[in-house]
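S.K.: Here you go, one structure.
Every read-out reported here was derived from the displayed coordinates using simple, explicitly stated rules and does not represent laboratory data. Note that this is a predicted model, so its numbers are computed, not measured. Note that each Cβ is placed from the backbone with ideal geometry, even for glycine, and that neighbours are counted across all protein chains shown.
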Amino acid sequence: MNTAGVIYMEDKVKESELIGKVRYLEAACTCNLKKLSFIVKQIRSYAKKTNLKPSFCYYKRWGVKKKHGHKPVIPLRLSKSGNPEIEKAYATHYVDLGRTEQLKKEKMEKAAAANQAEISDGIQDMPVNISDSRSGA
């Protein structure tokens, strides 16, 4: 999870929230809601200044038992009020598109280099027949 609330949460608390032992994310935070709201606003303003793209993430509960052939999708509640604007603010990530493109390019270059090394290794492993059939011997 990459929400502002995670800053003030333990790993065990994050997991129990996802499993459903905690009714909403704000209840598991160790700071007050005013501070949490301030953090979310600061993240949003920094993202705007640095041209980061907002990306909404739909969080759903883990460990739901199967009923009649399919698992029901139960959304996680992030705020006590359930206000859609607050829920959206908590569930929004910010993505640096320039960095994403750079990582994709590096991954492609690394894959191409590995592929080239594989090809050169394959050529070295080929058996070479030294005898010449044209010599007539």
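S.K.: Return Val95, Val73 ranked ascending by Cβ neighbour count within 10 Å, so the fewest neighbours appear first.
M.R.: Neighbour counts put them in this order, fewest first: Val73, Val95.
S.K.: Kindly list the residues of the stretch 71-86 that lie in the label zone of Arg23, defined by a backbone N under 13 Å from the point 7 Å along the Cα-to-C-beta vector.
M.R.: Zone members listed by number: 77-82.
S.K.: Would you work out which of Val73, Asn51, Leu36 lies farthest towards the positive end of the dipole of the stretch 36-106, given +1 charges on the beta-carbon of Lys and Arg and -1 on that of Asp and Glu, about the Cα centre?
M.R.: Of the options given, the answer is Val73.
S.K.: Follow-up question, since we're still on this one. Show me the chymotrypsin sites (Phe, Trp or Tyr not before Pro) within the stretch 62-105 that DSSP assigns to loop and that have at most 15 other Cβ atoms within 10 Å of their Cβ.
M.R.: Passing both the DSSP loop test and the Cβ count: Trp62.
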